Structure formats: C-alpha cells, structure tokens
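Reading through the structure tokens given below for one structure.
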Amino acid sequence: MIEWLHPSLAFFAAALLLPLCPVPVRRILLLAAPLLSFALLWRLSPQAHLPYELFGFELNLLRADALARAFGIIFTLNALAAFLFALTRGSLGQH
C-alpha cells in the first residue's frame, strides 16, 4: 500500500505542518519526519521507480537501487541528528 510513496514526502509534510503546530506536537513532528522517511525508504522494493516525462525527457523521480538506498539511509540518519540538535533550539525558525 505505501510502496509507491516517495520517502521525501514525510519531510515535505512536516515542513508544511511545523509552523501550524504547538511546541509539544512540533517536537514529536521533528522526530517523526525522518523516522517515517526511513520506514518508507526501507519498504521500497529494489525495482521501485517512478518515471516522469517532461518536455520529451524522461526523469526518474524515484529509483531504489542499492546505491540510492544507501544514500537515502545516510540522509535520513543525518536529518534525524540535525533535528535532534534543533530540539535544543527554541525558535521556530531554527526548526
């Protein structure tokens, strides 16, 4: 069911919801976004791809080979570490 969801959608949804949430919910959302993205990345099948054609060019919006999965895992772990640091900062602009 969630196999077709792009892992970056968790970050985009969190970025849109973050300014609207109160502080306790914001803290949960900061940690939930990279964790949800990691779960979506983990569930992608190795053959998953999302082609898109624009002006006669074929673009790959999603490709889940071994190298892409490794970089996705590194990115989500880095985002989790950055968001943990952001929790120590109080302002919304820092988040």
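In this structure, is residue 45 modelled with pLDDT under 85, in contact with a helix residue (DSSP H, G or I) (Cβ under 7 Å, 6 or more places away or on another chain) and either open to solvent by less than 40 Å² (accessible area, probe 1.4 Å) or not in a helix (DSSP H, G or I) (or both)? Give the steps one after another, and end with the answer.
Numbers: modelled with pLDDT under 85: yes; in contact with a helix residue (DSSP H, G or I) (Cβ under 7 Å, 6 or more places away or on another chain): yes; either open to solvent by less than 40 Å² (accessible area, probe 1.4 Å) or not in a helix (DSSP H, G or I) (or both): yes.
When the stated conditions are applied, residue 45 passes them.
Sub-9 Å Cβ pairs linking a first residue in region 60-72 that is among the small types (Gly, Ala, Ser) to a second residue that is open to solvent by 80 Å² or more (accessible area, probe 1.4 Å) and at pLDDT below 80, at least 6 apart or interchain, are 64/46; 64/47; 64/49; 66/46, ordered by first then second residue.
Filtering region 32-54 to residues that are among the hydrophobic types (A, V, I, L, M, F, W, C) and within 9 Å of residue 10 (Cβ to Cβ) leaves 32, 33, 35, 36, 38, 39, 40. How many residues does region 70-95 contain that are modelled with pLDDT under 85 and either touching a Cys at 6+ places or on another chain (Cβ under 9 Å) or surrounded by 11 or more Cβ atoms within 10 Å (Cβ to Cβ) (or both)? Final tally of qualifying residues: 4.
The values are calculated or read from the model by the stated rules, or taken from the named source; none is laboratory data. What you see is a predicted model; the values in this text were computed from it and never measured. Positions of Cβ are backbone-derived with ideal geometry, glycine not excepted, and every protein chain shown enters the neighbour counts. We work out accessible area using only protein heavy atoms, side chains counted, and drop any ligands, DNA or RNA first. Shrake-Rupley method; radii C 1.70, N 1.55, O 1.52, S 1.80 Å.
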